[in-house]
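Only one structure is covered here, and it is reproduced in the block below.
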Amino acid sequence: MSRRAVVVAIVGIVLGLTHVQERPGARQRSQPPSEFITLGTASGPNSEATRAQPANALLVRGQLYLVDAGDGAVAQLAKAGLRVGAVRGVFLSHLHFDHTAGMLAVIGLRMQLETRGTLRVYGPPGTKTFVNGLLAASAPAMRAGYGIPGQGWSADLEVVELTGGSTTMVDGFKMTVSENSHFSVPEGETRRAEGVSLSYRFDLDDRSIVYTGDTGPSSAVISLARGADLLVSEMIDVDAVLASMRPAGARGQTPAPAAATTPTGFEWHMRAHHMTPLQVGELAKAAAVKRVVITHFAPNPMGPEQARRYLDTIHEHFAGDVQLATDLGRY
């Protein structure tokens, strides 16, 4: 072989090796970026004319997941250009109806569409009982199917109940949950609350996303959200919500402070189990997150001045980017 031929052969081998080494990177670059879509941004349980109940879509490597599924979640998916049959998993923060009322449609319509593939439902303790109840309610329709004897519908479901501090790999990405304070009990109460509410962290290829779900101030959520690229947090203007519930003649009056001795009832729940704008700012600062998106906010409707006041209050503690989410907003 001539010297020139040897040089050409060596160059060819080097180029070939270089090409092989670049392929994984090329594949990685071809993956679509993750998206968090706020399908519904209203706080429940009242339905709103302009905003849907709490539900979100998470897109990871082109795969679709639901994060909570309030009433109308399937219709909101369609508005976002997404199909219920493409949903691979559902992450439920807690089992209040405003966060779960859309689950019957998710499960039932997938059966009616004869969607193939297992739907995994993740949630707090009690999720199996909840899903089994939905299946029991669906039994007549499942037996009937499209009216052809012996050809009913079946549900391919797997339910995974989670506890605070657990980490799970889901289709190659890491999911971590913490139990938050949405079901905390008044000081001095010796009984434990029946419910459990979870906050989720998704560590993805391109970023980390933390979803608080419903929660009050919580050191566990601060730890979970530490250094996250995106914090999706609930927020309630408690005083404004309580004022809107008073009789018309009393709405201009200053709201009474929360009871100091026996803090029970709806007002205590609102103040202890949800986040005010100031508390959202404190959480974002303490966790050193990069960006905040606010969802599940009340009251509604919200004027520009009111929205600006909320953002200014959050920025008293957190200097980063903060946005009030819109239905079908993509982040």
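The values are calculated or read from the model by the stated rules, or taken from the named source; none is laboratory data. Just so it is clear, the structure is predicted and the values come from calculations on it, not from any experiment. No Cβ is skipped: glycine too gets one built from the backbone with ideal geometry, and neighbour counts run over all protein chains shown. The accessibility values were calculated without ligands, DNA or RNA, using every heavy atom of the protein model including side chains. Shrake-Rupley method; radii C 1.70, N 1.55, O 1.52, S 1.80 Å.
Brief remarks follow.
- For residue 309, solvent-accessible area (1.4 Å; no DNA, RNA or ligand), Å²: 130 Å²
- Placing unit charges on the Cβ atoms of the charged side chains and taking the dipole of the chain about its Cα centre, the candidate lying farthest along the positive direction among 295, 44, 74 is 74.
- Angle between the chain longest axis and helix 127-144 axis [Cα atoms, degrees, rounded to 10]: 80 degrees
- Counting only the Cα atoms, the stretch 19-136 fills a convex hull of 129 Å³ per residue.
- Take the Cα of residue 129, go 7 Å toward its beta carbon, and the backbone nitrogen atoms of the stretch 91-121 under 19 Å from that spot belong to 92-101, 103-104, 121.
- Looking at the chain, the accessible area is 51 square angstrom per residue; that uses a 1.4 Å probe and ignores ligands, DNA and RNA.
- Cα gyration tensor shape of the stretch 108-194, rounded if a/c is under 1.5, else prolate or oblate by comparing a/b with b/c: oblate
- Positive contributions from Lys and Arg (+1) and negative ones from Asp and Glu (-1), summed over other residues with Cβ under 13 Å from the Cβ of residue 127, come out at -1.
- Taking Cα atoms only, the orientation of helix 304-315 departs from the longest principal axis of the chain by about 70 degrees.
- To put it simply, the accessible area of the stretch 174-234 at a 1.4 Å probe is 46 percent carbon and sulfur.
- Remark: the residue 309-residue 163 segment gains 48.9 nm on full extension, using 0.36 nm per residue and subtracting the alpha carbon distance.
- Percent carbon-and-sulfur accessible area, the stretch 260-331, ignoring ligands, DNA and RNA, probe 1.4 Å: 56 percent
- For the chain, the longest principal axis of the C-alpha atoms and the axis of helix 3-30 are separated by about 20°.
- Think of each Lys and Arg Cβ as +1 and each Asp and Glu Cβ as -1; about the Cα centre, that makes the dipole of the chain roughly 1300 debye.
- The order of the peptides 162-174, 124-136, 79-91 by mean Cβ neighbours within 10 Å, most packed first, is 79-91, 124-136, 162-174.
- Quotient of Cα Rg and 2.2 N^0.38 Å for the chain, N being how many residues it contains: 1.20
- Each of the peptides 50-60, 139-149 was scored by the mean count of other Cβ atoms within 10 Å over its residues; in descending order, highest first, they stand as 50-60, 139-149.
- According to the calculation over all Cα-Cα pairs in the stretch 74-150, the P(r) per 10 Å bin from zero is 16, 49, 30, 5 %.
- Partner aspartates and glutamates for residue 285 [C-alpha distance under 12 Å; skip if fewer than 8 residues away on the same chain]: 316, 321
- Rounded to the nearest 500, the 222 nm mean residue ellipticity of the chain from helices alone is -10500 deg cm²/dmol, with -39,500 (n - 2.57) taken per DSSP H run of at least 4 residues.
- Computed over every Cα-Cα pair of the stretch 73-114 and binned at 5 Å starting from 0, the pair-distance distribution P(r) comes out as 5, 21, 31, 27, 13, 2 percent.
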